[in-house]
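Reviewing the structure listed below.
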Amino acid sequence: MVTYFQIALIITSIALITSIVLQNKGVGLGGLTGQDAGGVISARRGIEKILFNVTIILAIVFIALVLATIVFSR
């Protein structure tokens, strides 16, 4: 059973990394290294809002999978 949790963790972590990187659209390569693009703060709309919510859900699923893996590995 722990093996299934570990496979799910790998898939979830790849999806989480992808959703975080996709949020940096329009920032350029400088955003990936932590440099500020100097943009104006705006409200999230449309696909940006969906992607933001998906990232939050993936983070919660990731944490739940980590805790389940720890509990079932004992």
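Might you work out the accessible area of Thr3 for me, using a 1.4 Å probe with all protein chains in place, and round it to the nearest 10 Å²?
Here the residue's solvent-accessible area equals roughly 80 Å².
Calculated FRET efficiency, Arg44 and Val2, Cβ-Cβ r, R0 30 Å, to nearest 0.05? Write down the numbers at each step before the final one.
Details: r = 37 Å, r/R0 = 1.23.
Once rounded, the FRET efficiency stands at 0.20.
Which value, in Å² and to the nearest 10, is the accessible area of Val21 when all protein chains are kept and the probe is 1.4 Å?
Spelled out: Val21, probe radius 1.4 Å, area about 80 Å².
Measure off 7 Å from each Cα along the Cα-to-Cβ vector at Asn24 and Ser73, then give the distance between these two points in nanometres to one decimal.
About 2.8 nm separates the two model spin labels.
Counting only protein chains, not ligands or nucleic acids, how are Ser73, Ser13 ordered by accessible area (probe 1.4 Å), most first?
Values: Ser73 75, Ser13 35 Å².
From most exposed to least exposed: Ser73, Ser13.
The values are calculated or read from the model by the stated rules, or taken from the named source; none is laboratory data. Please read these numbers as outputs of a predicted model, since none were measured by experiment. Cβ coordinates were reconstructed from backbone atoms using ideal geometry, including for glycine residues, and neighbour counts include every protein chain displayed. Protein only, heavy atoms only, side chains kept; ligands, DNA and RNA dropped before computing areas. Shrake-Rupley method; radii C 1.70, N 1.55, O 1.52, S 1.80 Å.
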